[in-house]
Structure formats: structure tokens, C-alpha cells
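K.L.:
Supplied in C-alpha cells, the structure appears directly below.
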Amino acid sequence: MLFFAEMWERFSFYGMRALLVFYLTKHWLFSDEVAAGIYATYGSLVYLAPVIGGLVADRLLGFRKAVAFGALLLVLGHAGMAFEGTPAYLSGVEVVRDERALSVLYLSLALIIVGVGFLKPSISSIVGDLYDGPEDPRRDGGFTLFYMGINIGAMTASLVCGYLGENYGWKYSFGLAGIGMLVGLVTFIRGRDRLEGAGEPPSAEALARKLGGVLRLEHFIYVCAAGAVGLAWLLVQERALVGNLLALTGGAAVAGVVWFSLTGCSREERDRMLLVLLLTATSVLFWALFEQAGSSLNLFADRVVDRNVLGFEVAASQLQSLNPAFIILLAPMFAALWGRLAAARLEPGTPAKFALALLQVGLGFVVLVLGVDQAGDDGKVALIWLAIAYFLHTTGELCLSPVGLSMVTKLSVPRVVGLMMGIWFFASSAAHYVAGWIAAMASVDGGAAASSADSLAVYSDTFLLVAWVGVGAGLVLLLFSRPLKRLMHSQEK
């Protein structure tokens, strides 16, 4: 039931991921650099919001209520995205845009951001609550299967929303994502009895208490969330402010966890908490490279990849389905593999899995550089090179993302697991911001009007640089994986 509800949230998210950069460049006529900046800011805020949302759910609202409220905000956000206004057009050398519709776009993004902030950390935390303690051997496999299930929504969104958006109109794809999220919300509400008490508020009495004799604490939280939507509306338009907010929030969160680990934990708890922080920091690099899929790799696929398959032209946005399709295919294999290796006492530790993830995402960009070198006379790169790159990125993701979710619930001190889950998603927020820098490096002057030779040169130089960074970081982490594993203190055999 949980992965079905999350499946529709992923349908919503991946529908946006597949289309947003094209919506910004084709409908609103933003340049590559500006579109990449807006996409990166949106993605960064989507993963920053769970730091606060996870804490509120953990301490006050409870995970179940947070999921339901977050889903409602997502439905409203996608309803707003369906209002596209008048397409932008050139008047001389200036671009004329429908400012009212553009404001609705920013408001819709803000609603989605805050909605994800409540939903995302909470539903993963509920999954962790269903298992019998941190050493339950089913946890990594269970999270991997959960991860596979939600990618059904991701794959479907890329195929269906991509097709509707680029062939019939953006409003149809965004509207469909909202309908899907509404189905997910209804599914979650109707199936809450299956949770058997998991995710309930820590104190129902405190949540019902009236503040100043006027407003219940629960309702006060919802009012504050409305204020957060207004703040997100402002921030999504101001990338520099987001950078400062990330630095301030990240520094405060890390300092707080370090202080808590040193002063409020036993030696074993301290080591585990600090290891979670360290590996979460390494995940920033992985996601910064991986999330090029929604920006630079999307534009790369649209402009220089031969997308003709058996006589049919595949929309560039539909190629986003490769990653979730590979996850659906490979996740059961990885779940079984970890179980078999654990039984044989050969399973790599969590630090080694993170190192393998970095190596594979770096190798994916190596493959793209080779593909650019083999481009045809028409300046087009064969689709197989992009498919192989996405395959390597996916195998890297399966070594890191479900394992990371399990790591947070397994190694974190129970009373702050919601906060630590929020920090895990904060790493993705920082990664999206860094990914915006990388995508800006890969922006092509003239956009779609640039020559194939100029575009290929820019993509080759950028992809080669990030390939070296990913592979190098993976090798360093692999070298230190054994001593890092000792910090887990028998949480992995």
C-alpha cells in the first residue's frame, strides 16, 4: 500500500522531471542556462523542504498525517501547472512572456515543493517502522522492493507525460500528474489501517491542544505550511537566495547533529551517527552527477541524439523512462544479490556500496564521451550510448539510494530518525544546486539553434570533467570503505 501511494507521488515528480526543462525552453523561451537554473532551484527546494517537514512530522504531526497533507498540496500544485497561459514569443530581440501565467507557474512549483517536504521523508520513515528493529535482515531488501515499486510511477510518467506534453500540450501532462497524485492520496487514506499504528503522531493530545485558546497545534502547522508556500514562491525565483539558505540550513543541521552525537549519544551511537553524516555528504556528489538527467542530459538527448527507433521518433522526455525501467528490471536482482552475498558473508558494506555508486555514475559519463567521439556525419550520437549511460547510472543508484534510506533508519538514533531522513534528502537538495552549476557549464550558446559541432564540443568537455570527478571520488571512498564499516559496530555482519 505504501509503495502504491508513493508510486503516484513519483509519477508526479518524474512527470515534472521529464518535462520542466523543455517547458521552460520551448514554451517560455528561457535560455539553457536560465532554464537549468530554475530547474536546479526547484529540485534543490524539493529536497530541502524535507529537512523541516521531516522534523515537524517526527516531533509533532506524525508521519501519516504529514503524508496525507503533503499529497494534498501536490494535487493543488499540479492543478496550477495545468494553467500554461499564452506561449512566449519573440518581439524583435526581446522575449514577451505571460507574466500572470508565469506567476502561477512559480506558485504551483512552490505548492509542489512544500508538499514533497511533508510527504517524502515521512513515507520512507513509515517503511522503516514496519520492520523488527535495525538488525532485521529484510530491511535492505524491503527498501529495494519499495524503491522498485515507486519507479513504476516514474517510468509511466516519463512515457505518458512526455508524450502528452510534447505532442498535445503541456497542460495535459501536468494535469494528468495531478490526477495521479489524487489517486495516490485516496489510496493512502483508504489503506491507513494496514499500517497497524505506524506513523501516528507522537502525542495526539499535544496535537489537539489549542494555542492561546484559539487554534489547535495541528491547524497551526497547516497555517505555517501556507506561509512556507509563499516563501518557496519567492525562493524559486531567486537562485542566489537558495544558495545562501542551503549553506545556512546545511551548516546548522550538520552542526546540530554533530553536537547531539558528541554530547547526547553513547560511543557506538556517536560513531553510527557520524558515519551517516559522512556517507550522506558523499551522496551529494553522486546526485549532482546523476541529476543531470533532468537538465543537461535531457537537452543533450533532444538536440544531438538520434532518437529514431524502428522508424518512430521517440520524444527526448520519454527517454527519462530508461532509468526507472532499468530499476524495475534490476531491483529484484539487487535485492536477491544482497541477500545471497549476506548469507555467504560476502556482501559489501554500506560504505563500499556508496563507492561503487560513485564509480558507476562516473563511468556513465565516460560512455557519453565515447558516444560523442563516435557521432555520425550528421552530428548525431547513437541512442545506445545514452542508454548504456543511464544503465550505469541506474546500477549506481541501486547501490546507493535504497541502501542509503535503509542506512538512515538503521544507524540513526531512533528519536531523531525523522530529522536524519530529512538531512538525507537535504543532501539531494545541495546536489541539485551543484547540478545546476554543472548544467550551466553544459549550456550551449544559441540553444537548439546552435550547430551540432558546437553542441557536441560543449557536451564532450563537460561530461569528461564530471567523469573524472565521479570515478576518482569512487576509488578514494572504496579505499577507505573497510575502516568506515567498523564505525557501524556490528549493524552489518
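The values are calculated or read from the model by the stated rules, or taken from the named source; none is laboratory data. Every value quoted in this text rests on a predicted model; they were computed, and no experiment measured them. Note: ideal-geometry Cβ built from the backbone for every residue, glycine included; neighbour counts use all protein chains shown.
K.L.:
Quick check on G213: is it within 20 Å of V116 (Cβ to Cβ) and outside any helix (DSSP H, G or I)?
P.N.:
no
K.L.:
Pick from M1, M7, M16: which is under 25 Å from M155 (Cβ atoms) and more than 15 Å from the chain's Cα centre (by Cα)? Even if it seems obvious, please write down each step before you answer.
P.N.:
Working: M7 fails: more than 15 Å from the chain's Cα centre (by Cα); M16 fails: more than 15 Å from the chain's Cα centre (by Cα).
None of the other options fit; the residue is M1.
K.L.:
Looking for something buried (at least 20 other Cβ atoms within 10 Å of the Cβ) and in contact with a His (Cβ under 7 Å, 6 or more places away or on another chain) - is there at least one such residue anywhere in the range 363-372?
P.N.:
Yes, there is a match, as at least one residue in the range 363-372 is buried (at least 20 other Cβ atoms within 10 Å of the Cβ) and in contact with a His (Cβ under 7 Å, 6 or more places away or on another chain).
K.L.:
Given the conditions (1) surrounded by fewer than 21 Cβ atoms within 10 Å (Cβ to Cβ); (2) part of a helix (DSSP H, G or I), which single one is not true for L275?
P.N.:
(1)
K.L.:
If we keep just the residues of the range 88-98 that are touching a residue at least 40 places away in the same chain (Cβ under 8 Å) and not in a loop (DSSP other than H, G, I, E, B), which is nearest to S31 (Cα to Cα)?
P.N.:
Let us first name the residues in the range 88-98 that are touching a residue at least 40 places away in the same chain (Cβ under 8 Å), namely 88-90, 95, 97.
Subset that is not in a loop (DSSP other than H, G, I, E, B): 89-90, 95.
Values: Y89: 13, L90: 13, V95: 11 Å.
Among residues in the range 88-98 that are touching a residue at least 40 places away in the same chain (Cβ under 8 Å) and not in a loop (DSSP other than H, G, I, E, B), the one nearest to S31 (Cα to Cα) is V95.
K.L.:
Which is crowded, with 24+ Cβ neighbours inside 10 Å and either touching a residue at least 40 places away in the same chain (Cβ under 8 Å) or part of a helix (DSSP H, G or I) (or both), of A66, A101? Walk me through it before giving the result.
P.N.:
Details: A101 fails: crowded, with 24+ Cβ neighbours inside 10 Å.
Selected residue: A66, the only one of A66, A101 that is crowded, with 24+ Cβ neighbours inside 10 Å and either touching a residue at least 40 places away in the same chain (Cβ under 8 Å) or part of a helix (DSSP H, G or I) (or both).
K.L.:
Do you know which residues across the range 237-278 are in contact (Cβ under 8 Å) with a residue 12 or more places away in the chain and of a type in the set (S, T, N, Q)?
P.N.:
Q237, T249, S261, listed by residue number.
K.L.:
What number of residues in the range 325-349 are of a type outside the set (V, I, T), part of a helix (DSSP H, G or I) and either at pLDDT below 85 or over 21 Å from the mean Cα position of the chain (by Cα) (or both)?
P.N.:
Residues of the range 325-349 that are of a type outside the set (V, I, T), as a first pass: 325-326, 329-349.
From what's left, part of a helix (DSSP H, G or I): 325-326, 329-343.
Those left that are additionally either at pLDDT below 85 or over 21 Å from the mean Cα position of the chain (by Cα) (or both): 331-343.
Counting residues in the range 325-349 that are of a type outside the set (V, I, T), part of a helix (DSSP H, G or I) and either at pLDDT below 85 or over 21 Å from the mean Cα position of the chain (by Cα) (or both) gives 13.
For (1) assigned to a loop (DSSP other than H, G, I, E, B); (2) basic (K, R); (3) at pLDDT below 80, each residue gets a yes or a no:
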site: Y106; (1), (2), (3): no, no, no
site: F118; (1), (2), (3): no, no, no
site: P121; (1), (2), (3): no, no, yes
site: D136; (1), (2), (3): yes, no, yes
site: G175; (1), (2), (3): no, no, no
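K.L.:
Let me ask something else. For the range 294-311, state whether one or more residues are outside any helix (DSSP H, G or I), within 19 Å of the chain's Cα centre (by Cα) and not acidic (D, E). Reasoning before the result, please.
P.N.:
Of all residues in the range 294-311, those outside any helix (DSSP H, G or I) come to 295, 305-311.
Now restrict to residues that are within 19 Å of the chain's Cα centre (by Cα): 295.
Within this subset, residues satisfying the condition of being not acidic (D, E) are 295.
Yes: the range 294-311 contains one or more residues that are outside any helix (DSSP H, G or I), within 19 Å of the chain's Cα centre (by Cα) and not acidic (D, E).
K.L.:
Let me ask you something else. Could you say which residue among A442, A431, A389 is closer than 30 Å to S122 by Cβ and buried (at least 20 other Cβ atoms within 10 Å of the Cβ)? So that I can check it myself, show each step before the final result.
P.N.:
On the way: A442 fails: closer than 30 Å to S122 by Cβ; A389 fails: closer than 30 Å to S122 by Cβ.
Going through A442, A431, A389 in turn, the sole match is A431.
K.L.:
Cβ-Cβ distance below 8 Å, separation of 6 or more or different chains: which pairs start in the range 460-479 with a residue that is within 11 Å of L285 (Cα to Cα) and in a helix (DSSP H, G or I) and end on one that is among the hydroxyl-bearing types (S, T, Y) and modelled with pLDDT under 95?
P.N.:
Short answer, once both residue conditions are applied: A473/T282.
K.L.:
For residues that are surrounded by fewer than 24 Cβ atoms within 10 Å (Cβ to Cβ) and of a type in the set (G, A, S), scanning just the range 8-37, find the one that is farthest from R239 (Cα to Cα).
P.N.:
It comes out as S31.
Residue by residue, here is whether (1) in a helix (DSSP H, G or I); (2) surrounded by fewer than 24 Cβ atoms within 10 Å (Cβ to Cβ); (3) touching a residue at least 60 places away in the same chain (Cβ under 8 Å) holds:
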| position | (1), (2), (3) |
| --- | --- |
| G379 | no, yes, yes |
| G418 | yes, no, yes |
| M421 | yes, no, yes |
| I438 | yes, yes, yes |
| A453 | yes, yes, yes |
| K485 | yes, yes, yes |
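K.L.:
Does L107 qualify as being within 18 Å of K171 (Cβ to Cβ), surrounded by fewer than 24 Cβ atoms within 10 Å (Cβ to Cβ) and in contact with a Phe, Trp or Tyr (Cβ under 9 Å, 6 or more places away or on another chain)? Break it down into steps so the answer makes sense when it comes.
P.N.:
On the way: within 18 Å of K171 (Cβ to Cβ): yes; surrounded by fewer than 24 Cβ atoms within 10 Å (Cβ to Cβ): yes; in contact with a Phe, Trp or Tyr (Cβ under 9 Å, 6 or more places away or on another chain): yes.
Yes.
K.L.:
Picking from V413, V444, which residue would you name as being over 30 Å from D378 (Cα atoms) and touching a helix residue (DSSP H, G or I) at 6+ places or on another chain (Cβ under 8 Å)?
P.N.:
Numbers: V444 fails: over 30 Å from D378 (Cα atoms).
Only one candidate passes the filter, namely V413.
K.L.:
Further question on the same structure: Could you list, in sequence order, the residues of the range 226-270 that are more than 21 Å from Y39 (Cα to Cα), touching a helix residue (DSSP H, G or I) at 6+ places or on another chain (Cβ under 9 Å), of a type in the set (A, V, I, L, M, F, W, C) and in a helix (DSSP H, G or I)?
P.N.:
A226, A253, V254, V257, V258, F260, L262
K.L.:
May I pose another question? Can you tell me which of (1) crowded, with 17+ Cβ neighbours inside 10 Å; (2) under 23 Å from L76 (Cα atoms); (3) in contact (Cβ under 8 Å) with a residue 24 or more places away in the chain is the one L164 doesn't meet?
P.N.:
The failed condition is (3).
K.L.:
Now, a different point. Which one of these is within 23 Å of W468 (Cβ to Cβ), aliphatic (A, V, I, L, M) and either in contact (Cβ under 8 Å) with a residue 24 or more places away in the chain or in contact with a helix residue (DSSP H, G or I) (Cβ under 7 Å, 6 or more places away or on another chain) (or both): L358, L405? Spell out the reasoning first.
P.N.:
Details: L405 fails: within 23 Å of W468 (Cβ to Cβ).
Result: L358 is the single residue among L358, L405 that is within 23 Å of W468 (Cβ to Cβ), aliphatic (A, V, I, L, M) and either in contact (Cβ under 8 Å) with a residue 24 or more places away in the chain or in contact with a helix residue (DSSP H, G or I) (Cβ under 7 Å, 6 or more places away or on another chain) (or both).
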